[in-house]
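Notes follow once the structure below has been shown.
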Amino acid sequence: MTETSYRTGPDEKGLFGRFGGQYVAETLMPLILDLAEEYERAKVDPAFLEELAYFQRDYVGRPSPLYFAERLTEHCGGAKIYLKREELNHTGAHKINNCIGQILLARRMGKQRIIAETGAGMHGVATATVAARFGLQCVIYMGTTDIDRQQANVFRMKLLGAEVIPVTAGTGTLKDAMNEALRDWVTNVETTFYLIGTVAGPHPYPAMVRDFQAVIGKETREQLIEKEGRLPDSLVACIGGGSNAMGLFHPFLDEPGVKIVGVEAAGHGIETGKHAASLNGGVPGVLHGNRTFLLQDADGQIIDAHSISAGLDYPGIGPEHAWLHDIGRVEYSSITDHEALQAFHTCCRLEGIIPALESSHALAEVFKRAPRLPKDHLMVVNLSGRGDKDMQTVMHHMQEKLEKHA
Amino acid sequence: MSRLQTRFAELKQADRAALVTFVTAGDPDYETSLAILKGLPEAGADVIELGMPFTDPMADGPAIQLANIRALGAGQNLVKTLRMVRAFREGDRTTPLVLMGYFNPIHYYGVERFIAEAREAGVDGLIVVDLPPEHNEDLCDPAQAAGLDFIRLTTPTTDDKRLPRVLAGSSGFVYYVSVAGVTGAHAASLEHVEQAVARLRRHTDLPLCIGFGIRSPEHAGSVARLAEGVVVGSALVDRIAKAGSKEQAVGDVLGLCRELAEGVRRARR
């Protein structure tokens, strides 16, 4: 145990340094305070933890493998690259880790109706999945832009019995879906549980979602010690709201020997203004219940994010990441659409693994760093989701490229 | 005495409730919005709430969301909203004016600068939807120290245990959000409002203003019998949305304001 731990946050007000908090309308406050209390009780209740462990193992399929990516390692010619295979989870991404935890909490609180926002649709699918499993009504808010680019996931949610409500406001992406979910929640506050999909929103969500996702990092630690007899030298994960990254990072924050890198989506490039990199291109502000880094204009209005990957297309970031950025414990870099697409193809061809476009951002960062590192450097990248949902987007881009060269 | 205190004292004397009107600053554009603002006191508004537009009005229904979009589209920002208040104050020294909105644009502008300029412009109070008492130090405390009232929202979910915390530090008046939901949705029953007012009275002596879902003069009148004020927002903003021209927007909003004022005035308490 180190003297100053990075793992004790948030404080009793839900703050990580100057970030986080509970910036919500009064209607929601009593419920959020209840939720925080209930979560505090649940997380030390052996019955709750046992049930969670059961569903993680037999329903989600955990532990997910830690796979030595031999051909990517050869390709880079440097660091030894391991993939944490979160894409092999039930529903195809890390999102289900959190959904299982929250649905058990919702049931404990006697809530009958589940709502959620979704960007790429992976959180929506995971939420619809657990709602089906526990027989609860499920309503998913999704921006119309995202509905267009993620039709397979929309269909999947409907198959699972969820109602998908299109959100036309703003640019019809994740931020707008979250606004609409908050409006639903404020209207149906007594009956409804809001299952937030990332480490953002008002306290206790950032801490709670992190705790449910931290299984990723805990397993990675054990698995790498088993395979290599030691801790990793570096960790890399992509960040939209930041839940897969926080899940991998958190158990390692107090290990000074572990270099940690979060990868934001630079879209067309940060200099173009069309990106989703809140830390590298935003300033602190207050949105969706927490103080964090946000993309804003000169009047403090929220700017729409841009990324080829719907899951990273959010103008904010979880408050704990904002804090880790502030204090310098985690390095946050960014990867463009183009770089992510290249990494996507490389991973497909060399490993026979089709990664999500989100995870492709992390892979692109690995491809930049690994060649410069020694062969005994152990690097773990979170392969947070599979790319099946992105076929349409990738096809569209390949076609555009062909047309340009024709 | 502050303008809000004076106004509620006068109304108590007159034995009637206040008509509190909400419009979004800069909706549909600066000039039209200023014309509406200037006309409101003469049309019977006793207290004015002026919305500060924000891209993500999470607690608002479609009518006020659209008002925000129109205002932002026409280039409204905090600087212009404060300019609008100054222009209003040139012709009106008595009608209390409260700015209402979300925290982020203020946070970006700078809390100290905002408070100083709002005071100087003639703003009387603030309502900030996403600042519960848990975050008093962010804006409520410095605003009150500078002489701006901070008006708290209380809701059907604010239970007796929590009410004292919400009301501590509230000043000017207390805004009771009579339904759990967004602005402009359905209305609460009069029975609910009556019970809520009785409950709030046990905790505060501040004037109580009731809002959410109040649209017609009749409805405003019946709520006016129960509290010190009635807040109407979405119904007024809808008139702007539906108007065929800017002149019609001004005329229609002020026309509805007159009808609402009559409804409130008829309801002697």
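The values are calculated or read from the model by the stated rules, or taken from the named source; none is laboratory data. A quick note: this is a predicted structure, and the numbers were derived from the prediction, not measured. Cβ sites come from the backbone with ideal geometry, for glycine too, and all protein chains shown count toward neighbours. All accessible areas refer to the heavy atoms of the entire protein, side chains included, with ligands and DNA or RNA removed. Shrake-Rupley method; radii C 1.70, N 1.55, O 1.52, S 1.80 Å.
Structure data summary
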{"item": "B:THR94, sole failed condition from (1) among the polar types (S, T, N, Q); (2) buried (at least 21 other Cβ atoms within 10 Å of the Cβ); (3) in a loop (DSSP other than H, G, I, E, B)", "result": "(2)"}
{"item": "Odd one out for B:LEU226 among (1) buried (at least 18 other Cβ atoms within 10 Å of the Cβ); (2) within 15 Å of the chain's Cα centre (by Cα); (3) assigned to a loop (DSSP other than H, G, I, E, B)", "result": "(2)"}
{"item": "First in the stretch A:173-193 and facing chain B (nearest Cβ under 9 Å) and at pLDDT below 95, second anywhere and in a helix (DSSP H, G or I) and surrounded by fewer than 24 Cβ atoms within 10 Å (Cβ to Cβ), Cβ under 6 Å, 6 or more apart", "result": "A:VAL189/A:LEU31"}
{"item": "Criterion violated by B:GLY101 - all others in (1) within 26 Å of B:LEU19 (Cβ to Cβ); (2) touching a helix residue (DSSP H, G or I) at 6+ places or on another chain (Cβ under 6 Å) satisfied", "result": "(2)"}
{"item": "Search result, residues across the stretch A:262-280 that are buried (at least 21 other Cβ atoms within 10 Å of the Cβ) and either more than 20 Å from the chain's Cα centre (by Cα) or away from chain B (no Cβ under 14 Å) (or both)", "result": "A:GLY262, A:VAL263, A:GLU264, A:ALA265, A:ALA266, A:GLY267, A:HIS275, A:ALA276, A:ALA277, A:LEU279"}
{"item": "Output for the stretch B:171-192, where each listed residue is more than 14 Å from chain A (Cβ to nearest Cβ) and buried (at least 23 other Cβ atoms within 10 Å of the Cβ)", "result": "B:GLY172, B:PHE173"}
{"item": "Of residues in the stretch B:47-93 being facing chain A (nearest Cβ under 8 Å) and in contact with a Phe, Trp or Tyr (Cβ under 6 Å, 6 or more places away or on another chain), the one nearest to A:LEU174 (Cα to Cα)", "result": "B:PHE54"}
{"item": "Test result for A:LYS84, away from chain B (no Cβ under 14 Å), among the charged types (D, E, K, R) and open to solvent by 10 Å² or more (accessible area, probe 1.4 Å)", "result": "no"}
{"item": "Within the stretch B:99-113, considering residues that are more than 15 Å from B:LEU50 (Cα to Cα) and within 14 Å of chain A (Cβ to nearest Cβ), the one most open to solvent (accessible area, probe 1.4 Å)", "result": "B:ARG113"}
{"item": "Condition check for A:ILE32: assigned to a helix (DSSP H, G or I), within 14 Å of chain B (Cβ to nearest Cβ) and either at pLDDT 95 or above or open to solvent by less than 10 Å² (accessible area, probe 1.4 Å) (or both)", "result": "yes"}
{"item": "Given (1) closer than 22 Å to A:GLY289 by Cα; (2) hydroxyl-bearing (Ser, Thr, Tyr); (3) in contact with a strand residue (DSSP E or B) (Cβ under 8 Å, 6 or more places away or on another chain); (4) not in a strand (DSSP E or B), number of the condition B:TYR175 does not satisfy", "result": "(4)"}
{"item": "Complete set of residues in the stretch B:146-170 that are within 10 Å of another protein chain (Cβ to nearest Cβ) and within 30 Å of B:GLU120 (Cα to Cα)", "result": "B:ARG152, B:LEU153, B:THR154, B:ARG165, B:VAL166"}
{"item": "Subset of the stretch B:60-72 (residues that are assigned to a loop (DSSP other than H, G, I, E, B) and surrounded by 23 or more Cβ atoms within 10 Å (Cβ to Cβ))", "result": "B:ASP60"}
{"item": "Search result, residues across the stretch A:127-149 that are charged (D, E, K, R) and modelled with pLDDT under 95", "result": "A:ASP146, A:ASP148, A:ARG149"}
{"item": "Filter pass, A:ARG7 being closer than 17 Å to A:GLY289 by Cβ and open to solvent by 70 Å² or more (accessible area, probe 1.4 Å)", "result": "no"}
